[in-house]
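Asks: There's a structure below that I have some questions on.
Computed from the coordinates by the stated procedures, all read-outs in this text should not be read as laboratory data. Remember, it's a predicted structure, so these values are computed and weren't measured experimentally. Don't worry about glycine lacking a Cβ; one is built from the backbone with ideal geometry, like all the others, and counts go over all protein chains shown.
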Amino acid sequence: MTYLITGGAGFIGSNFVKHMLSKYPEAKLIILDALTYAGNLGTLTEELKNPQITFIKGDICDRQVTEQLFSEHTIDYVVNFAAESHVDRSIENPQLFLQVNVLGTQNLLDTAKKYWTEGKDDNNYPVWRKGVKFLQVSTDEVYGSLGDEGYFTETTTLSPRSPYSAAKAGGDLIVQAYGETYKMPVNITRCSNNYGPYHFPEKLIPLIIKNILAGQQLPVYGNGSNVRDWLYVGDHCKAIDTVLHNGRIDEVYNIGGHNEKKNIDIVKLVIKTIHDIMENEPEYRKVLKKQEVLADGTTDISWINDNLISFVKDRQGHDQRYAIDPTKISSELGWLPETFFDKGIVKTIYWYLNNQEWVEEVTSGDYMKYYEQMYGNR
Ligand code: NAD
Ligand code: TDX
């Protein structure tokens, strides 16, 4: 089988590539990624040595690129991760989000339609090659924001509130339209917030880890009461694999693990976990950028505490709460999350402590410029 994985050099896409390689060593994986600030080949160093993988640097909006790819390879599955993914950036530049998340998706659909169909049936519908499928990786944010109660199900009305989520909803709708109008075999998955290795440090958890290690303030938007429903990225990848191979055509599947946390509680947990690691395993103190040597020759860690927290201006249109009801994927396809948050977050923090070179590499480009624009010189 040949899989086209777009956005495979980003956070979730790269974790998915790693998952697929280890689970299906015979599969051919073609990665299409524009290598924006969020995509990094350093994330795939080992994988790119594997002859099963072909990497193509290119834009999902570029018809020439997608045509060439489909004409040169017999693709069976498309898994579309490629997107502009950061809400804060979408507030600054909505048009880019529409271009990539809507028109890029449509370009992929249309190219796939051209290469996956063989004539028309009696009712004028395209006849699709057997076994092909287009899976759109989407987000719970398309459903909007919840109050204290309730969960998003697959039938919740779409009500996106940020340019990012509006663009993702637009992408979902055009996927549905291809499913209905041309009978294209599609699925849409809508997942809650992911965390884990290779998460770009503009997003809450990796940004907090990076700032703690540097002894910098931790910017919490508003009063920190917003709730997100966190899922370990490896569990998300397994869910996508499940839907891709077993999901019913045309269906939407929500993915989540009932793991709601307030932002402020996440930040405090990360501070405490890093402090505990530094206390119990002093060899990790070398990773700290803020080095103050005490009279006894040890590195001071007393400053790793809640005083690092800085409540900053709230995000415009900040969604209050997301929470997924994953009943459909669990009961229909047997998928369940495997990683408890208390274990997953510790695993993630260790990953960052052990992979500071990766963090340096991905934040060496435009990151500092973005950070200063976004947060000032805090
Ligand atoms: P990411 O920003 O880390 O990665 C996106 C990748 O897409 C990058 O490698 C980037 O270079 C690439 N890309 C961007 N524009 C492109 C273009 N025009 N052509 C080709 N490649 C392009 O994002 P992520 O967090 O890994 O998210 C992946 C997908 O999952 C997105 O569609 C996102 O909406 C969705 N999602 C993310 C989360 C989350 O918590 N991160 C949750 C639910 C759904
Ligand atoms: O510095 C920060 N301070 C802060 O308080 C940042 C970056 C975020 N936050 C808050 C905003 C959110 O309530 O933390 C929460 C999480 O923020 P992000 O990490 O930016 O994620 P979110 O906006 O929830 O969106 C993420 O999950 C759904 C992904 O970026 C999306 O791609 C995905 O669809």
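Asks: Applying 1/(1 + (r/R0)^6) with R0 = 22 Å to the Cβ-Cβ distance of THR45 and THR2, what FRET efficiency is obtained, to the nearest 0.05?
Replies: Efficiency, from the Cβ-Cβ distance: 0.45.
Asks: What Kirkwood hydrodynamic radius do you get for the stretch 161-269 when you take the inverse of the mean 1/r over all pairs of distinct Cα atoms, in Å?
Replies: 16.1
Asks: On full extension of the chain, what length is gained from LEU96 through GLU279, given 0.36 nm per residue of separation minus the C-alpha to C-alpha distance?
Replies: This chain segment gains 61.4 nm when fully extended.
Asks: Report the extension gain between LYS290 and LEU173 in nm, rounded to one decimal, defined as 0.36 nm multiplied by the number of residues separating them, less their alpha carbon distance.
Replies: My answer for the length gained is 37.3 nm.
Asks: Which of the peptides 151-162, 80-91 is most tightly packed, and how do the rest follow, judged by the mean count of other Cβ atoms within 10 Å per residue?
Replies: Top of the packing list down: 80-91, 151-162.
Asks: To continue, here is another question. Report, in deg cm²/dmol and to the nearest 500, the calculated mean residue ellipticity at 222 nm for the chain, where each DSSP H run with n ≥ 4 adds -39500 (n - 2.57) and the sum is divided by the residue count.
Replies: Taking each H run of at least 4 residues, the total per residue is -11500 deg cm²/dmol.
Asks: Would you mind pulling out the separation of the Cα centroids of the stretch 26-81 and the stretch 291-336, in Å?
Replies: The stretch 26-81 and the stretch 291-336 have Cα centres spaced 31 Å from each other.
Asks: For a quick check: with amide H placed at 1.01 Å from N, whose amide H comes under 5 Å from PHE152's, ignoring anything fewer than 5 positions away on the same chain?
Replies: Result for PHE152 returns ALA323, ILE324, ASP325.
Asks: Compute the distance in nm between two label points, each set 7 Å from the Cα along the Cα-to-Cβ direction, one at SER22 and one at THR299.
Replies: A separation of 2.8 nm, rounded to one decimal place.
Asks: Can you give the Kirkwood hydrodynamic radius of the stretch 40-194 from its Cα pairs, in Å with one decimal?
Replies: One decimal place: 17.0 Å for the Kirkwood radius.
Asks: By count of other Cβ within 10 Å, fewest leading, how are ARG321, ARG228 ordered?
Replies: Going from sparsest to densest Cβ surroundings: ARG321, ARG228.
Asks: Among the aspartates and glutamates, which fall within straight-line cross-link reach of LYS290, defined as a Cα-Cα distance under 13 Å, with same-chain neighbours fewer than 8 residues apart omitted?
Replies: Within the straight-line cut-off, LYS290 pairs with ASP300.
Asks: Of LYS57/LYS133; LYS183/LYS238; LYS57/LYS113; LYS113/LYS210, which sit over 32 Å apart, Cα to Cα?
Replies: Cα-Cα > 32 Å for LYS113/LYS210; rest within.
Asks: In terms of modelled amide H atoms, which long-range or inter-chain residues lie less than 5 Å from the amide H of ASN194?
Replies: LEU231
Asks: Order by neighbour count: MET1, MET368, MET184, fewest other Cβ atoms within 10 Å first, most last.
Replies: Fewest-to-most Cβ neighbours within 10 Å comes out as MET368, MET1, MET184.
Asks: Turning to a different aspect of this structure: Enumerate the calculated ³J(HN,Hα) couplings along the stretch 88-100 in order (Karplus 6.51 cos²θ - 1.76 cosθ + 1.60, θ = phi - 60°), each rounded to whole Hz, writing x wherever the residue is Gly or Pro.
Replies: 4, 5, 5, 5, 7, 9, x, 4, 4, 5, 5, 4, 6
Asks: To make sure I understand, if each residue's beta carbon is the centre and we count other beta carbons within 10 Å, what order do LEU29, LEU244 fall in, fewest to most?
Replies: LEU244, LEU29
Asks: Under 13 Å between alpha carbons, and skipping anything fewer than 8 positions from LYS369 in its own chain: which aspartates and glutamates qualify?
Replies: Candidates past the 8-residue exclusion: GLU202.
Asks: Angle, helix 11-23 long axis vs. longest principal axis of the chain, Cα atoms, 0 to 90°, nearest 10?
Replies: 70
Asks: Report the full-extension gain for the segment HIS73 to SER331: residue separation times 0.36 nm, less the Cα-Cα distance, to one decimal in nm.
Replies: 89.3 nm
Asks: Return the FRET efficiency for the residue pair ASP265, TYR350: r is the Cβ-Cβ distance, R0 is 22 Å, and the value is rounded to the nearest 0.05.
Replies: The computed FRET efficiency comes out at 0.65.
Asks: Enumerate the calculated ³J(HN,Hα) couplings along the stretch 298-312 in order (Karplus 6.51 cos²θ - 1.76 cosθ + 1.60, θ = phi - 60°), each rounded to whole Hz, writing x wherever the residue is Gly or Pro.
Replies: 8, 7, 5, 10, 5, 6, 7, 8, 5, 5, 5, 5, 10, 6, 10
Asks: In addition: Using packing as a proxy for protection, rank 230-240, 344-354, 17-27 so that the peptide with the highest average count of other Cβ atoms within 10 Å comes first.
Replies: Ranking the peptides 230-240, 344-354, 17-27 by packing returns 230-240, 344-354, 17-27.
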